[in-house]
Amino acid sequence: MSDFVVSARKYRPSTFDSVVGQGSITTTLKNAIKNKHLAQAFLFCGPRGVGKTTCARILAKTINCFNISADTEACNECESCRSFNEGHSLNIYELDAASNNSVDDIRNLISQVSFAPQLGQYKVYIIDEVHMLSQAAFNAFLKTLEEPPKHAIFILATTEKHKILPTILSRCQIFDFHRISVEDIAKHLEFIAKSEKVKAEPDALHVIAQKADGALRDACSIFDQLVSFAGNDLTYKAVIDNLNVLDYDYYFKITSHILSANISQSLLVFNEILSNGFDGHHFLTGLAEHFRNLLVCKDASTLQLLEVSNNIRDKYKEQAAQCDQSLLLRALSLCSKADIGYKGSRNPRLLVELTLMQLCSLQNAPANGDEKKNGLINLVPKGQVRQPAITKAEEPKPVYNNVPENDPPPQPKENPQQQQQTLKKNITLSGGASINGFLNKKNQPDNNSAENLGTKNDLPADAFTSEELEKAWAGFARMMKEKGRMNLATTLGTHKPRLRENFVIEFEVHNRTQEEEIELAKTDMMAFIRKELKNYSIQLDLKLIRDDSEKKPYGHADTFRYMAQKNPALNKLKQAFDLEVDS
């Protein structure tokens, strides 16, 4: 058995120029080497399989090369480069922090830092997955990372930068590696296919690149798997069969059936997709992506966002010309709603089929109608108009000889000013009140309000006796007591009201507090008494009595003053203990 080396290792970049998709980072590193501006610590962070460890090794090899080329690349011929390529260089120390994350591991590394390199200028320490180090290991590493020996350079690599201590980040030059584009991955796979003498279709390589999701190492692994499956002839059909990827043709067929409003054929295509073992949710997300690609093709400036091969790109352009932009937007909205509700649906297949029915109905549905708002399906055939439902109250009257029954005689035409006046007169509120009457009534004072009772001469003003007055007065005091206004009820029960001439009620209060309480309740009290006695001419006259000799205490302060007058020793007691009386 021959020794097989996976493509990710066999075709791993060995120079800065051969690194795929990270041009800005490799250019910065080359300029730093050329200008001798190397930092003592680097942090390479980014997703998996984008070249972090590869760039770290290339940097370590290049800075120790004895014959660096004019374009700042290692010569691969000197003793340092040969030892690196053969894997026994003593100037490079790699540590996997995922399995060596304790304080002792970091202490062993620090103990080696003090030794100068035997060959070359620098000793490079590459720590992969550095975010896996423990808190204590990070703290032990801080001082050495900040002030390493002149010959030591640290390169840290991680996929989760947010887990690294800020004190570590502040001591490093940070390089953010981004995901590799589909086009760059496809070109690299094409280079590998030619080197391995594998005949690969461009569409097949693009599908592999999309499946890799920006990771070149994943793309190489998928390529090796498919070559084992299909041999040296890698076709588009073999790729989609092996990777469980839906063919683009299914989505193009579905879209053509949507444009022709053919519900039955779209359901049959979906049934075929399910029969091939694909998931309905996978189909929904792919259909939404297809509509997005069609929308991208509507504008030449956004065509670069389409990450497919040239053959598929031409198909997208052709179908995008047949689709209206508003239809694509509504289709995307329907697919998004179905995607959100798929996991919570008890019948996922029915949900996808209903979505397809709605998509096929978009051609006949108005853009701003109720069908769009409620997601309803327009099942009326083309050429017919949907008739509104007729309720019993709106049932039309029979027409004989084209003349409606009880048709009023024609009225003479009015000028615009008369039409406006007639319109104001005919517009009424529910209940028959006109708008003008409602506005006039709103602007007029309410005759039934408590403030305006007794101001009109046509209101009743029946005579009443003092006994009837006292009965109504007690009724209001009782109502206040039931509402929890105990102080007001007590004030009203202190004295009896007296009836004077012209229906004036005189009532005596002993202090300002009682007077203010009755003033606040005066409106409600007058409305109650006037209604009970059927006399809207009644007026209230409050009399404030100030008789300190006979004045009864009201509240804590009045009670203390009253008691202090009887016993002056209370004032001395208050002053001796610095007491205060609650108000």
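Quick notes on this structure:
- In order along segment 218-223, phi translates into HN-Hα couplings of 5, 5, 5, 5, 5, 4 Hz, rounded to whole numbers, per the Karplus curve 6.51 cos²θ - 1.76 cosθ + 1.60 with θ = phi - 60° and x for Gly and Pro.
- Across segment 136-184, the fraction of Cα-Cα pairs farther apart than 15 Å, rounded to a whole number, is 54%.
- Taking amide hydrogens as placed 1.01 Å from N in the peptide plane, the amide H of Leu540 sits under 5 Å from those of Ile505, each at least 5 positions away in sequence or on another chain.
- Estimated distance in nm for a label pair at Leu499 and Glu79, the labels positioned 7 Å out from Cα along Cα-to-Cβ: 13.2
- Inter-site label distance for Ser111 and Leu38 at 7 Å from Cα along Cβ, in nm: 2.6
- Peptides 213-219, 574-580 ranked from most to least packed give 213-219, 574-580, packing being the mean of other C-beta atoms within 10 angstrom over each peptide's residues.
- Net lengthening on full extension, Thr285/Gln265 (0.36 nm per residue, minus Cα-Cα): 5.2 nm
- Eigen-decomposition of the gyration tensor built on the alpha-carbon atoms of segment 72-116 gives equivalent ellipsoid semi-axes of 27, 12, 8 angstrom, largest listed first.
- C-alpha center-to-center spacing [segment 142-205, segment 292-333] in angstrom: 33
- Residues Phe66, Phe507, sorted by accessible area with the largest first, give Phe66, Phe507 [1.4 Å probe; ligands and nucleic acids excluded].
- Equivalent ellipsoid dimensions for segment 1-81 as semi-axes, Å, which come from the Cα gyration tensor, largest first: 23, 18, 11
- Accessible-area composition of segment 219-280, carbon plus sulfur, in percent [1.4 Å probe]: 50
- Solvent exposure of segment 71-170 as accessible area per residue, Å², 1.4 Å probe: 51
- Heavy atoms of Asp324: accessible area, 1.4 Å probe, square angstrom to 10: 90
- Taken one residue at a time, the phi angles of segment 471-488 give Karplus couplings (6.51, -1.76, 1.60, θ = phi - 60°) of 5, 5, 4, 5, x, 5, 4, 5, 5, 5, 5, 5, 7, x, 8, 5, 4, 5 Hz. Gly and Pro are set to x.
- Rg and Dmax over the alpha-carbon atoms of segment 39-181 stand at 15.0, 44 Å.
- Per atom type, segment 97-153 shows carbon and sulfur on 47% of its accessible surface, probed at 1.4 Å.
- Solvent-accessible area of Ile545 with every protein chain in place, 1.4 Å probe, in Å² to the nearest 10: 50
- Surface exposure of segment 283-357, expressed per residue as accessible area with a 1.4 Å probe, stands at 53 Å².
- The heavy atoms of Arg57 present about 70 square angstrom of accessible area, all protein chains included, probe 1.4 Å.
- Extending 7 Å from the Cα toward the beta-carbon at both Leu329 and Glu532 defines two label points whose distance is 6.9 nm.
The values are calculated or read from the model by the stated rules, or taken from the named source; none is laboratory data. As the structure is a prediction and not an experimental result, all values here were calculated from the model. Virtual Cβ from ideal backbone geometry, glycine too; neighbours counted across all protein chains shown. Areas reflect the complete protein model, heavy atoms only, side chains present, ligands, DNA and RNA absent. Shrake-Rupley method; radii C 1.70, N 1.55, O 1.52, S 1.80 Å.
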